[in-house]
Each structure stands twice: as C-alpha cells, then as structure tokens.
Amino acid sequence: MGKALITGGAGFIGAWLARRLLADGFRVDVLDDLSRGVSDDLIADLDQNPAFSMRTADLCAPRSLDAIGKDYTHVFHFAARIGVKNVLKRPYAVLRDNIAMLEAVLDLASRQGHLERFFFPSTSEVYAGTQRHFELPIPSPETTPLAVSPLEHPRTSYMLSKIYGEALCQHSGLPFTIIRPHNFYGPRMGLAHVIPQLLQRIHQADDGDELVVYSVEHRRTFCFIDDAVEYVLRLVHSPDAASGTFNVGVQSPEMTMGDLARMLMSVVGREVTVVPGETTPGSPPRRCPDMTRTISATEYTPVVSHEDGVRRTYEWYRDRVFEGAGISAR
C-alpha cells in the first residue's frame, strides 16, 4: 500500500501511529535516538511484524540519514526537543536542534522518488504570542495571525522552532501537511504532562490528603491518542489537506485544571482536597482549537469521551508504571 518513515517513532505519538499504519498495510520504518522514547512492550510487539523496522539514529549528527532509502511514500517527522522543563533549561539546544533535525528530514524527503506527503507536527504554542499581545479568538482558528512572544523568554524557543518549521515546510516544494496539536494524552506519554502527572499524585495519595494543582483556573481541552492518530491519518490521505495547516484536538469540553483534577479523582477512586498552587509562568489562561476546518477535511469527530480516555490512560499507567516496574517515556 505504502511505505512510511517516522522520525521519533518510539515516542508517544509515533509508536501509536506506527501500529495503526501497519494495521492499514503500510511498511513502517522508525528512527529514534531513544533520548525520550522507550523500547517498551509496544515497540516489542511492533517488532514482531516483518513490515516494521526500527533504527537508532541521531538526526543532529552529520550524514545520519545517508543510508536511508528513497522509496518512502510518507514521511512523518515527530523527532523534536520537547517538554516545558527541557525548554526552560535548554532553550538554545531546543531551537538549534529542532531546526537542524527538520532540515535534515526535509532534505531526506526531497530525495524520495514517490513522496505523497510530508507530515510535520507544529504546536498550539504558536498562538501564545498572539494571546499575549492581541485578542486571540477562542476557539482559535488556523487563520489567526501569529505574533512572537518575547525572544528573551526561554519558552519562546520551542514556539519559534515550530513557527520556523512551518515556514520551512511551506517553502520546501514538498507535498506537506502541518498540524497544530492541542493537548494529546494517553498511554506512553511520560509523566511530565498534566494528566499522567496528576493521575500519579492522586494514585499515591490517601483519602483526605491535599492535592496542589498549579494554574488551577486555566482552561484546556484534551484529545485522546486514538482520535489524534485518526485525524493524522485522515489528513495525510485527504487531498483537501495537501499544503494545509490544521488544528488537531477537541473543541469541547473545556475544563479548568481544578475540574480536571476532580475528574481524575473520580476515575482513581480517591477523595482528596484540591489546593490552588502557583500559576505556571508563560502558561496561557485558555487554549482551545477551532476544529471546523479539520472536521471538514477529515469528515471525522472524536469518538473517545474524555472520561473513557482518562480511564484507559489511568489503567495503563496503574498497571505498568504506578504499580509496576515499567516506564512510559524518559
């Protein structure tokens, strides 16, 4: 049917996407330096499929992609330096490495003989500058003019790397699709994200304990990984999504971090008291995608309810990480 290359393919989104592509009849090659992604039971299961292969590679290393073939129909570039803590501690490396990796993979994609689509995940963080300086419509459409946050702020580095990445794709001459992910969640995403982090703290708490929740009044929407992967696949196969940029997430329900914590308590089965913590510096008070354009291009709306997605996420973490010896990401 097709042959796909996924950089960062051992990570959260890449591995679930690889599983779905294999089920759809693709041959799938994965590149990952395993600095964040892990070779866990999902990767081991994928490795049993003769149509799957995984190679360790550092995309920042010169000539790291020289041996890669020229017969890919789809190239998905998920490799990136991510994570708020990483961005705050190493902004220069985030900016430098994200651009270097994308340039290397774009060069690789340009050498393919029958490339149908290059796929680049940007970030919802690209709206942060507009929200800071101007009136950002919420839900936010892709047509929103983008402004830049102060350059001296470390958090700006990640957003800049993705805005510049979008521009590189736009001018690459390749058939591309760009998405702006909004709060994907699910198994294997690591513990540095709000849902698994809160789940772990609630799981370890006793009834009556206090739970400090940061940015307690900030509002978000959340998209379960199965729905996110479905959107990705429909977009890369859609003629209407060629050379386009699309929000991917859910438009409703919006919920505060406090309400999210209370939902997670119900799923875990703990009764703890939410205590408002500090507001995270640079965190926008609201973030919600306008999904009109994406739904029109894909003819798809999410099917996994937030309650069901959170329950499935908790059960996975509980069995493999909270009460087991496994890890979900570095």
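Here are some notes:
- Taking amide H positions as modeled 1.01 Å from N, with prolines and chain starts lacking one, the residues under 5 Å from Arg286 and 5 or more places away or on another chain are Arg219.
- Centroid-to-centroid separation of the range 203-255 and the range 1-64 [C-alpha atoms, Å]: 23
- Surface share of carbon and sulfur [accessible, 1.4 angstrom probe, percent] for the chain: 49
- Taking 0.36 nm per residue of separation and subtracting the current Cα-Cα distance, fully stretching the chain between Ser305 and Tyr214 would add 30.3 nm.
- Gain in span if fully extended, Ser296 to His133, counting 0.36 nm per residue against the direct Cα distance: 55.7 nm
- FRET efficiency for Ala192 and Ala51, using Cβ-Cβ distance with R0 set to 22 Å, rounded to 0.05: 0.10
- For the range 73-117, the Stokes-Einstein estimate of translational diffusion at 25 °C and a viscosity of 0.890 mPa s comes to 209 µm²/s, using the Kirkwood hydrodynamic radius over alpha-carbon pairs.
- Considering only alpha-carbon pairs that sit under 8 angstrom and 6 or more positions apart, the relative contact order computed for the range 50-118 is 47 percent.
- Distant-in-sequence amide contacts of Val213, defined by a placed amide H-H separation under 5 Å and a gap of 5 or more residues or a different chain, comprise Val275, Gly277.
- Surface per residue (accessible, 1.4 Å probe) for the chain, Å²: 44
- All Cα pairs of the range 2-110, percent lying beyond 16 Å: 57
- FRET E, pair Arg318, Asp58, Förster distance 25 Å, beta-carbon r, rounded to 0.05: 0.15
- Whole-angstrom gap from the range 121-194 to the range 297-330, using each part's C-alpha centre: 24
- Amide H partners (placed H, <5 Å) of Gly37, local residues excluded: Arg330
- Highest average packing first - 97-104, 147-154, Cβ atoms within 10 Å: 97-104, 147-154
The values are calculated or read from the model by the stated rules, or taken from the named source; none is laboratory data. All figures in this text were calculated on a predicted structure; none of them were measured in a lab. FYI the Cβ positions are ideal-geometry reconstructions off the backbone, even for glycines, and counts take in every protein chain you see. Surface areas here come from the heavy atoms of the whole protein model, side chains and all, with no ligands, DNA or RNA. Shrake-Rupley method; radii C 1.70, N 1.55, O 1.52, S 1.80 Å.
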